[in-house]
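Enquirer: One structure coming up, written as structure tokens, with questions to follow.
The values are calculated or read from the model by the stated rules, or taken from the named source; none is laboratory data. Since the structure is predicted, the reported quantities are computational estimates derived from the model, not experimental observations. Cβ placement follows ideal geometry from the backbone for every residue including glycine, while neighbour counts extend to all protein chains displayed. With ligands, DNA and RNA removed, areas are computed over all heavy atoms of the protein, side chains included. Shrake-Rupley method; radii C 1.70, N 1.55, O 1.52, S 1.80 Å.
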Amino acid sequence: MSTPPTKYSPETVSLASLDPPGVERAEQEMQAMLMRRQIRRADLPRVADTVPEVTLPRILIPHQGRKLRPPTLHYGWTGNVAEMLLQYAEDHNLMRTIKWDRDLKVKRTDTFLSRRAALFDIMEKHGLSRPSPCTLRVKGSLNAGDDLAILSLYTNYDLHKAPSDEFVDALQKVLGAEDRPRWFIGLTDNTWVSWDQY
């Protein structure tokens, strides 16, 4: 989890993926679900059923002026996009393997790396340059469905490096994603913690 720049203020960030400045939500299911303790096994069914948010509540934008660091949330797609990327990787010989055992002799398919290879291949073929710095990742999420995989465009910790809304629109079209990206709960770093814990 990266630290936002010192001059970074939640009130000044402007992206279509964020609540407009000044908006306060009465009930924020996502915020209530993101507890200030580790998510326990018993919590997982409720967390998995949480519908990803279309816009991020500004309370979840990291700022060192607050006592606690918010959980990491990923803005991106899952479902048909994650499945399509894996199928594309298989069809275009882009499956990636990693060495798995202690002796590094057993190889296993890495579906996350394979999806990322597919993403970059598709982008290149459609003339989409990687944003710089590149925040695009295939990550795990607690509320992404059975596969757990999401295509993360950026996190709430990467807002200052987020690709433009125009890039997101172009990528959505190229990938054939039916819906706008949403905010997913990260598989790791998914609780509120004090700043000194990192």
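Enquirer: Could you pull out the pairs from 67/173; 107/161; 99/125; 107/173; 139/173; 67/107 whose alpha carbons sit more than 32 Å apart here? Display every interim value, and only then the final one.
Expert: Working: 67/173 40 Å; 107/161 34 Å; 99/125 29 Å; 107/173 34 Å; 139/173 21 Å; 67/107 44 Å.
Pairs exceeding the cut-off: 67/173; 107/161; 107/173; 67/107.
Enquirer: Now for a separate question. Would you mind calculating the gained length between residue 83 and residue 192 on full extension (0.36 nm times residue separation, minus the Cα-Cα distance), in nm to one decimal? Intermediate results must be reported in sequence, preceding the final value.
Expert: Details: separation 109, 0.36 × 109 = 39.24 nm, distance 3.08 nm.
Stretched out fully, the residue 83 to residue 192 stretch lengthens by 36.2 nm.
Enquirer: Please list, ordered by chain and number, the residues whose modelled amide H lies under 5 Å from the amide H of residue 184; skip anything fewer than 5 residues away on the same chain.
Expert: Residues meeting the criterion, in which the H sits 1.01 Å from N, are 74, 75, 76.
Enquirer: In whole Hz, what ³J(HN,Hα) sequence does region 74-82 give by Karplus (6.51, -1.76, 1.60; θ = phi - 60°), x for Gly and Pro?
Expert: Once θ is set to phi - 60°, the couplings for region 74-82 become 10, 9, x, 10, 9, x, 5, 5, 4 Hz.
Enquirer: To continue, here is another question. Accessible area of region 39-144 with a 1.4 Å probe: how many percent of it is carbon plus sulfur? Display every interim value, and only then the final one.
Expert: On the way: 2990 of 5990 Å².
Here it works out to 50 percent.
Enquirer: Further question on the same structure: Apply the a/c threshold of 1.5 to the C-alpha gyration tensor of region 47-198 and tell me whether it is rounded, prolate or oblate. Don't jump to the answer; show the numbers that get you there.
Expert: On the way: a/c = 1.80, a/b = 1.29, b/c = 1.40.
Oblate.
Enquirer: Only four residue types carry charge here, +1 at the Cβ of Lys and Arg and -1 at the Cβ of Asp and Glu. Report the dipole size of region 81-198 about the Cα centre in Debye, rounded to the nearest 20.
Expert: On the way: 16 positive and 18 negative charges, 90 e Å.
Once rounded to the nearest 20, the dipole reads 440 debye.
Enquirer: Which whole-number percent gives the relative contact order of region 43-157, counting Cα pairs below 8 Å spaced six or more residues apart?
Expert: Working: 142 pairs, mean separation 39.6, N = 115.
Computed over region 43-157, the figure is 34 percent.
Enquirer: Once neighbouring chains are kept in place and the probe is 1.4 Å, which whole percent of the accessible area of region 148-198 is contributed by carbon and sulfur?
Expert: Numbers: 1000 of 2180 Å².
Summing carbon and sulfur atoms, their accessible area is 46 percent of the total for region 148-198.
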